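The values are calculated or read from the model by the stated rules, or taken from the named source; none is laboratory data. Here the structure is a predicted model, which means the values were calculated and not measured. All Cβ positions, even for glycine, are placed from backbone atoms using ideal geometry, and neighbour counts span all protein chains on display.
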């Protein structure tokens, strides 16, 4: 007879996600993860197969919960300039505005090359594709609404905004001087403003 689960899979995955986010993949041992998850090491392997697969599931939860929280507004059907400005204001506002000091789990994985170089690349690609698509959605809507000029370079602006936000998250994780975050926000808004329609 198999053991009866006494835990919720999503709940323990969320706990693992936060430990990976805080410490990184390599510094979070299986024992540390089991302790943080409130289960034993046997259950970790029985439920997820390996530390690597747990990390994959944690990254999925990160996208489901955290990436959606931060960028879901720009992914919405009616997203426009206001949603873009809200994202730039949040990440570029400095520590008193930004809730998390941990940066971005996907960005951290790219820096750490975790759990492997190949999986890190795939994770980074997934994150950048999603964020740039969110910016494109909001920018395209703004152009349709007439809030951006017809000639606004949507793809280039989306890529630029994605790089700016990604850089902000790395700086947040590093605990850098907020002046760099505010300057990045200012320059991003100035670039966007070049294509704001005056009509």
Quick one: which of 159, 188 is out of contact with any strand residue (DSSP E or B) (no Cβ under 8 Å at 6 or more places or on another chain) and surrounded by 17 or more Cβ atoms within 10 Å (Cβ to Cβ)? 188
Among the residues of region 139-150, is there at least one that is modelled with pLDDT under 95 and surrounded by fewer than 16 Cβ atoms within 10 Å (Cβ to Cβ)? yes
Scope region 162-185; condition at negative phi and either over 16 Å from the mean Cα position of the chain (by Cα) or surrounded by fewer than 13 Cβ atoms within 10 Å (Cβ to Cβ) (or both); matching residues: 174, 176, 177, 178, 179, 180, 181, 182, 183, 184, 185
Within region 101-123, does at least one residue satisfy the condition of being surrounded by 19 or more Cβ atoms within 10 Å (Cβ to Cβ), at positive phi and out of contact with any strand residue (DSSP E or B) (no Cβ under 6 Å at 6 or more places or on another chain)? yes
Which of the residues spanning region 134-174 are in contact (Cβ under 8 Å) with a residue 60 or more places away in the chain and outside any helix (DSSP H, G or I)? 147, 148
Considering (1) more than 29 Å from residue 196 (Cβ to Cβ); (2) assigned to a helix (DSSP H, G or I); (3) in contact (Cβ under 8 Å) with a residue 40 or more places away in the chain, say which one residue 110 fails and leave the rest. (3)
